[in-house]
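Please read the structure below before turning to the comments.
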Amino acid sequence: MAGYRLELPTIQNWNCHSCSGCCRQHVIQISDEERQRILEQRWSNDQTIGPGQPTVVADGGPPWNRHYRLAHQANGDCVFLDENGLCRIHAKFGEQAKPLACQIYPYTFHPSGKKVAVSLRFSCPSVVANRGKPIADQRKEIKKLAQRVVPERSENNQPPEISPGQRVDWADFGRFIDALETILTPNDAPITVRLLRALHWIELVDKARFNSVRGARLGELLEILCEAAHAETPHEPQVVEPSKLAQMQFRLLAAQYARKDTAVELVSGWRNRWKLLRAAIRVAVGKGRVPPLQECFRDVSFSVLEQPFGGLPDHAEELFTRYFRVKIRGIHFCGRAYYGTPLVEGFQSLALIFPATLWLARWLAAGAERSALEDDDVARALAIADHHHGFSPAFGRRNFRTRVRTLARMGEVDNLCAWYSR
């Protein structure tokens, strides 16, 4: 795709700080060319990799179209991760010899007409912490990565639907993105209130019809809806306890974010599936102790997670604001970037990241015997949640999407956001 313009998240900083987290939790699928290149590097002769340890393994597909991924060590680490937390391929052959997925992380690229919107994955701790050079100063390097992954003729891709059956062109779709980011940007209210305004705006958008409204007139209509959402949303969150049905649906959703799902879990067979089934039943019931879905979560009761935790810690406001703005500007919540969902449903799913992250943060805090959240709780919880959002196949399946739509139809997404922010 030649001649496109990058749409960068200019509020974000990032550089790799070699924490090796991405090498410990992600499954890296590789192309046939990458597989062949790794095999030709003759790692079987390298003494730093254990005898009999494969470097590449099959990852499904029929025999005539087999898929492959990098192998993992017994503890879940990538086979190429050394004892110092560094990549063996990078050290021996240079960065360009690594699989493309490793070189691109944590960037994601989303073609949008004559532009390519760039987003980042907040599963990277350096992204969460906003550490490194401003993204705006790395345009040249990011453009090189984009040229390697953006398909030819992707400018012909259709924009995401606004709601089922409603679609505008890319120029007008950009007006929706601009309006949504504008609602979440100002510092005139806490992030919870701004998020509630955005959800109210999305509800108004869902009810509106845009068949004959285009261009400047559409911009005016969206501005009117923004003003209505601002005027009709209380300046303080109205805390209403979600219904029992909503709490059950939400726990199942939040527990999906809490899973680890590394290569070790994926190949652990029926024992792990049976463990996850039992955990899902306990989460649905919501009584007793919360099943620890990964090592960082301690043994706590469900009831503790429903108590007030003193509101958001100091830096969580900035973190959530930056998170939502990066995802929205990068079109990283709907369309091809998010299981083909329309803008309305995609944003409702993105908004649920907020209470889900706070539920996980409460779990981390309660596990450390604290009754108030700290900045690190929220940062760790967001990294855990965003590891899955838009990348785990489970989130694109009918049951998960139905859960999101049900919570939205019940008007409970707002209640969940306010309930877990207290």
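The values are calculated or read from the model by the stated rules, or taken from the named source; none is laboratory data. These numbers were taken from a predicted model, which means no experiment stands behind them. Here Cβ is always computed from backbone atoms with ideal geometry, including for glycine, and neighbour counts include all displayed protein chains.
Numerical summary
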| quantity | calculated |
| --- | --- |
| Residue in the range 388-407 that is crowded, with 24+ Cβ neighbours inside 10 Å, farther than 24 Å from VAL149 by Cα and touching a residue at least 24 places away in the same chain (Cβ under 8 Å) present | yes |
| Search result, residues across the range 408-421 that are surrounded by 15 or more Cβ atoms within 10 Å (Cβ to Cβ) and assigned to a helix (DSSP H, G or I) | ALA408, GLU412, VAL413, ASP414, ASN415, LEU416, CYS417, ALA418, TRP419, TYR420 |
| Out of ALA280, ALA255, sole residue that is in a helix (DSSP H, G or I) and at pLDDT 90 or above | ALA255 |
| Residues (assigned to a loop (DSSP other than H, G, I, E, B) and loosely packed, with under 13 Cβ neighbours inside 10 Å) located in the range 224-238 | PRO234, HIS235, GLU236, GLN238 |
| Residues (in a loop (DSSP other than H, G, I, E, B) and surrounded by fewer than 19 Cβ atoms within 10 Å (Cβ to Cβ)) located in the range 310-340 | GLY310, GLY311, ASP314, HIS315, TYR339, GLY340 |
| Search result, residues across the range 207-223 that are among the hydrophobic types (A, V, I, L, M, F, W, C) and surrounded by 12 or more Cβ atoms within 10 Å (Cβ to Cβ) | ALA208, PHE210, VAL213, LEU218, LEU221, LEU222 |
| Qualifying residue in the range 188-201 (condition: modelled with pLDDT of 95 or more, surrounded by fewer than 19 Cβ atoms within 10 Å (Cβ to Cβ) and in contact with a helix residue (DSSP H, G or I) (Cβ under 6 Å, 6 or more places away or on another chain)) | no |
| Residue in the range 295-309 that is surrounded by 12 or more Cβ atoms within 10 Å (Cβ to Cβ) and of a type in the set (Asp, Glu) present | yes |
| All positions within the range 283-294 that are without any contact (Cβ under 8 Å) to a residue 40 or more places away in the chain and crowded, with 17+ Cβ neighbours inside 10 Å | VAL283, GLY286, PRO291, LEU293 |
| Residues within the range 341-387 that are of a type in the set (Lys, Arg) and surrounded by fewer than 24 Cβ atoms within 10 Å (Cβ to Cβ), tallied | 2 |
| Residue match in the range 143-153 (condition: over 30 Å from GLN348 (Cβ atoms), of a type outside the set (Ser, Thr, Tyr), buried (at least 16 other Cβ atoms within 10 Å of the Cβ) and in contact with a Phe, Trp or Tyr (Cβ under 8 Å, 6 or more places away or on another chain)) | yes |
| Residue within the range 385-393 that is in contact with a helix residue (DSSP H, G or I) (Cβ under 6 Å, 6 or more places away or on another chain) and closer than 19 Å to HIS315 by Cα present | yes |
| Condition met for ALA365 (at pLDDT 95 or above, part of a helix (DSSP H, G or I), more than 19 Å from TYR105 (Cα to Cα) and of a type in the set (A, V, I, L, M)) | yes |
| Residue list for the range 93-119, filter: farther than 26 Å from GLU155 by Cβ and in contact (Cβ under 8 Å) with a residue 40 or more places away in the chain | PHE93, ALA97, PRO99, CYS102 |
| Conditions (1) modelled with pLDDT of 95 or more; (2) assigned to a helix (DSSP H, G or I): number failed by PHE400 | (1) |
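One line per residue, one yes/no per condition, for (1) within 19 Å of PHE333 (Cα to Cα); (2) of a type in the set (Phe, Trp, Tyr); (3) in a helix (DSSP H, G or I):
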| position | (1), (2), (3) |
| --- | --- |
| ARG139 | no, no, yes |
| LYS144 | no, no, yes |
| GLU152 | no, no, no |
| VAL168 | yes, no, no |
| PHE173 | yes, yes, yes |
| ASP178 | yes, no, yes |
| ASP188 | no, no, no |
| ARG197 | yes, no, yes |
| LEU204 | yes, no, yes |
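A quick yes/no check of all residues on (1) closer than 17 Å to HIS17 by Cβ; (2) within 22 Å of the chain's Cα centre (by Cα):
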site	(1), (2)
LEU100	no, yes
SER112	no, yes
ARG121	yes, yes
VAL127	yes, yes
LYS140	no, no
ASN156	no, no
PHE173	no, yes
ILE177	no, yes
